[in-house]
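Chemist: If you scroll down you'll find the structure; I have some questions about it.
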Amino acid sequence: MVRRIDLIPSSVKLILALAYDLLALSIAFYLAYIIRLGVDSVEISWHENIAFITVVSSTLVLFYSFDVYNSVVRFFNAKAFLKIQLLLIIASIIFYLTSFLVDAFVPRSVPIVFLVLASLQIAGARTLVSLVSKKRWFDEREGVVIYGASSAGRQLVHALSQGRTYQPLAFIDEKKRYVDRRVLGLKIYSHKKIDQLVKKYGQFKVLIAIPQVDPIRLKQIVAHIEPYALELLIVPDMSDIVSGKRSIDELREVSVDELLGRKPVKPIAELLSANISDKVVLVSGAGGSIGKELCRQIVLNKPQKLILLDVSEAQLYEIHQELGEILKEAANPLSIEPLIGNVQNGMLMNHILRKYGVQTIYHAAAYKHVPMVENNVIAGVTNNVFGTHEIAQAAINTKVETFVLISTDKAVRPTNVMGATKRLAELVLQGLAKQDHSTRFVMVRFGNVLGSSGSVVPLFKKQIKRGGPITITHPDIIRYFMTIPEAAQLVIQAGAMGTGGDVFVLDMGNPVKIIDLAYKMTHLMGLTIKDETNITGDIAINFSGLRPGEKLFEELLIDDNAKKTQHQRILTANERSLHYNEVAEILAQLKAAMHNEDEATIRQLLIAAPLDYQPAKSKNSIENQTQNLTSNVA
């Protein structure tokens, strides 16, 4: 509608405005006499008509001269209102003076009544048009309810009122003293009365106007809102608003990191810097999810040099560019070397470590996707086991001080090839740790990280946005989750604790049932799950069955003998290890089977090795896992 009005020629708009003002002034002039004298007593002579022509023409001339007709009516504001009022006061004075100039009959109250009537019709009409065009019609703007009636909430209402996207409907607040009162014309509801808002307004978005909200409180807010399947958005951090990077109405989705995350624990500064500050640090697999975050946090701890190693040119380029921008903004002169290379190449690893004088290695290069490794056994063993062995042996040869292996919860009682290879990689390092050399080997084991490649979170989000269905392997499957930044920070701190051959386990918090995660993600995007209790829902869930080698639940410890460390979220596990000669014999047998491309023998060797590897099989395996899961929960 507004666009169509904009297309009308300016000359036509001017004629329409002049015609309206002429009509309004005419009504104001004659109605002023009628109000003052009464209909029966009004006698308009040619003297009064001359006064009428004088007043109307002078008013229109004043309007034109002072650019009243150059103003866009839908942007009419207080300044424009005062300008018209001042010009109408001048016109009223001219009206009164005509009684002397043309001998017209003009009672003293008539110009005052004229002023009031003209103001209502001219300034009032423009104000009304402006309000209507700014507010638009109710059904053209999306209704939103603002969670938080404090300063940020009020600022958000003002910001949204200037836009054309959202229509604030009400506030929600937890403070009892605010409930049932009004702020900026909007009623404040209790957070326990969301059902009343849903009944009154139907579906709407909820905007959380609590900048830098505490993670625990955010989870509580989400718990109030999520059952109603209302889309949830949050205002930016107040620091970004104050610095001018973001405006208060630049809303973002509540991330699953925030939904499942927990209150961060302050890192121990000396542990963060111990293996990094003023040292040459290398990250293998630097282009992966964990590798990237390790690099981001390493540059904050002032290394002497950072070596990025990855087999993927594209991923290596991406993290190198990102770090370059971070260093440029911080005016940090740190030298970064991006190197393309495969950890399986022992000669290349020796060359790189010796050339750059590497002192600390974070080994994150691995194949980690269970189904992919299950179908590519030789590649999985080559990279995860022999790749780890090659770079670890090169670390010993070049006297690297610290070598930290990024391991996984799937290495505990593995049911798949990937887990078995990671457990064997742990045994390789534990065996090497017992030899006579100066390199300190440390292993850090943790579960799933939110947002990593292959994680269910980005997959679910993609499936929900395209209308479903969401695919879940099994209704009872559970997983531990941790945010990537927290995992990387804990890995760095754990790596500084070990004395050699240590296995550290990160406290992953409480496990999450994947089907519950699907429900929550769907509800927070304003949609509902289609199931037996809600056949008209938006998104269906399909159960595809456990994939080859997949477990219903993961474990972090082989034995329940973990001990606390100086960090409350890092535990140390005292687990069985092998002498390097035993490890070397297993590696030799694997290498021979790989040379013959004998996958069956490779699988048998992994089963025979002391890895507690029991491949998942068919229905019986699932039933056994379900029984174990039930007993663990109990």
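The values are calculated or read from the model by the stated rules, or taken from the named source; none is laboratory data. Predicted, not measured: the structure shown is a model, and the values here were computed from it. Note that each Cβ is placed from the backbone with ideal geometry, even for glycine, and that neighbours are counted across all protein chains shown.
Chemist: Any idea how many residues of the stretch 44-58 are assigned to a helix (DSSP H, G or I) and in contact with a helix residue (DSSP H, G or I) (Cβ under 8 Å, 6 or more places away or on another chain)?
Modeler: 8
Chemist: Give the stretch 514-564 a look and list any residue that's crowded, with 17+ Cβ neighbours inside 10 Å, assigned to a helix (DSSP H, G or I) and at pLDDT 80 or above, or say none.
Modeler: Those that are crowded, with 17+ Cβ neighbours inside 10 Å, assigned to a helix (DSSP H, G or I) and at pLDDT 80 or above: Ile514, Ile515, Leu517, Ala518, Tyr519, Lys520, Met521, Thr522, His523.
Chemist: Next up: Name the strands (runs of 3 or more DSSP E) wholly inside the stretch 340-449 in which the number of residues that are over 23 Å from Leu271 (Cβ atoms), hydroxyl-bearing (Ser, Thr, Tyr) and in the same structural domain as Leu316 (by TED's automatic domain parsing) is 1 or more. Outline the logic, then answer.
Modeler: Working: elements: 360-363, 402-408, 440-446.
Result: empty, no element qualifies.
Chemist: Among the residues of the stretch 78-95, how many are buried (at least 16 other Cβ atoms within 10 Å of the Cβ) and modelled with pLDDT of 85 or more?
Modeler: Total meeting the criteria: 7.
Chemist: Separate question: Starting from residues that are polar (S, T, N, Q) and assigned to a loop (DSSP other than H, G, I, E, B), keep the ones in the stretch 201-259 and report whichever is modelled with the highest pLDDT. Step through it out loud before you land on a result.
Modeler: Step one: of the stretch 201-259, the residues polar (S, T, N, Q) are 203, 212, 220, 239, 243, 247, 255.
Next cut, assigned to a loop (DSSP other than H, G, I, E, B) only: 203, 212, 247, 255.
On the way: Gln203: 82, Gln212: 72, Ser247: 61, Ser255: 70.
Here the residue is Gln203.
Chemist: Identify, please: which residue in the stretch 456-509 is outside any strand (DSSP E or B), β-branched (Val, Ile, Thr) and under 22 Å from the mean Cα position of the chain (by Cα) and is, among those, nearest to His369 (Cα to Cα)?
Modeler: Checked the stretch 456-509; the qualifying residue nearest to His369 (Cα to Cα) is Val456.
Chemist: Now a separate question. What do you reckon, is Tyr189 touching a Leu at 6+ places or on another chain (Cβ under 7 Å), more than 25 Å from Ala28 (Cβ to Cβ) and of a type in the set (Ser, Thr, Tyr)?
Modeler: For Tyr189, the condition - touching a Leu at 6+ places or on another chain (Cβ under 7 Å), more than 25 Å from Ala28 (Cβ to Cβ) and of a type in the set (Ser, Thr, Tyr) - is met.
Chemist: Looking at the stretch 174-188, can you tell me whether even one residue there is crowded, with 16+ Cβ neighbours inside 10 Å, in contact with a helix residue (DSSP H, G or I) (Cβ under 6 Å, 6 or more places away or on another chain) and not assigned by TED's automatic domain parsing to the domain that holds Ser130?
Modeler: no
Chemist: Being over 25 Å from Leu272 (Cα atoms), surrounded by fewer than 15 Cβ atoms within 10 Å (Cβ to Cβ) and either of a type in the set (Phe, Trp, Tyr) or more than 28 Å from the chain's Cα centre (by Cα) (or both), is that true of even one residue in the stretch 346-353?
Modeler: Yes.
Chemist: Scan the stretch 568-601 residue by residue and report those that are within 19 Å of Ala420 (Cβ to Cβ) and of a type in the set (Val, Ile, Thr).
Modeler: Val583, Ile586, Thr601, listed by residue number.
Chemist: Separate question: Being touching a residue at least 60 places away in the same chain (Cβ under 8 Å) and either out of contact with any Phe, Trp or Tyr (no Cβ under 7 Å at 6 or more places or on another chain) or farther than 23 Å from Ile484 by Cβ (or both) is the filter here; which residues of the stretch 384-405 pass it?
Modeler: Those that are touching a residue at least 60 places away in the same chain (Cβ under 8 Å) and either out of contact with any Phe, Trp or Tyr (no Cβ under 7 Å at 6 or more places or on another chain) or farther than 23 Å from Ile484 by Cβ (or both): Val385, Phe386, His389, Ile391, Glu401, Thr402.
Chemist: Would you pick out the residues in the stretch 49-100 that are over 24 Å from Val129 (Cα atoms), touching a residue at least 24 places away in the same chain (Cβ under 8 Å) and of a type in the set (A, V, I, L, M, F, W, C)?
Modeler: Hits for the stretch 49-100 are Ile50, Ala51, Phe52, Val55, Ile90, Ile94, Phe95.
Chemist: When only residues in the stretch 297-312 that are of a type in the set (D, E, K, R) and modelled with pLDDT of 95 or more count, which is surrounded by the fewest Cβ atoms within 10 Å (Cβ to Cβ)?
Modeler: Checked the stretch 297-312; the qualifying residue surrounded by the fewest Cβ atoms within 10 Å (Cβ to Cβ) is Lys305.
Chemist: Output the number of the condition that His389 fails; it satisfies all remaining conditions of (1) modelled with pLDDT of 95 or more; (2) buried (at least 24 other Cβ atoms within 10 Å of the Cβ); (3) not hydroxyl-bearing (Ser, Thr, Tyr).
Modeler: It is condition (2) that His389 fails.
Chemist: For the stretch 264-313, what are the residues that are more than 25 Å from Gly346 (Cβ to Cβ) and of a type in the set (D, E, K, R)?
Modeler: Listed by number, the residues that qualify are Lys266, Glu270, Asp278, Lys292, Glu293, Arg296, Lys302.
Chemist: Sticking with this one: I'd like the full set of residues that are of a type outside the set (Lys, Arg) and outside any loop (DSSP other than H, G, I, E, B), limited to the stretch 33-43. Let's see the steps before the verdict.
Modeler: Of the residues in the stretch 33-43, the ones of a type outside the set (Lys, Arg) are 33-35, 37-43.
Once the filter is applied, which keeps residues that are of a type outside the set (Lys, Arg) and outside any loop (DSSP other than H, G, I, E, B), the stretch 33-43 yields Tyr33, Ile34, Ile35, Leu37.
Chemist: Here's a follow-up. Considering only the stretch 299-315, state which residues are part of a strand (DSSP E or B) and not β-branched (Val, Ile, Thr).
Modeler: Within the stretch 299-315, Lys305, Leu306, Leu308, Leu309, Asp310 meet the criteria.
Chemist: So Val106 fits all but one of (1) closer than 15 Å to Ala123 by Cβ; (2) crowded, with 16+ Cβ neighbours inside 10 Å; (3) aliphatic (A, V, I, L, M); (4) modelled with pLDDT under 80; what number is the exception?
Modeler: (1)
Chemist: Hey, could you check the stretch 6-49 for residues that are surrounded by 13 or more Cβ atoms within 10 Å (Cβ to Cβ) and over 24 Å from Val116 (Cβ atoms) and say which is modelled with the lowest pLDDT?
Modeler: The residue in question is Lys13.
Chemist: Scan the stretch 138-153 and give yes if some residue there is in contact with a Gly (Cβ under 6 Å, 6 or more places away or on another chain) and surrounded by 16 or more Cβ atoms within 10 Å (Cβ to Cβ), otherwise no. Show your work before the answer.
Modeler: If we filter the stretch 138-153 for residues that are in contact with a Gly (Cβ under 6 Å, 6 or more places away or on another chain), which is where we start, we get 146.
If we keep only those that are surrounded by 16 or more Cβ atoms within 10 Å (Cβ to Cβ) too, we end up with 146.
Checked against the condition, which is being in contact with a Gly (Cβ under 6 Å, 6 or more places away or on another chain) and surrounded by 16 or more Cβ atoms within 10 Å (Cβ to Cβ), the stretch 138-153 yields at least one hit.
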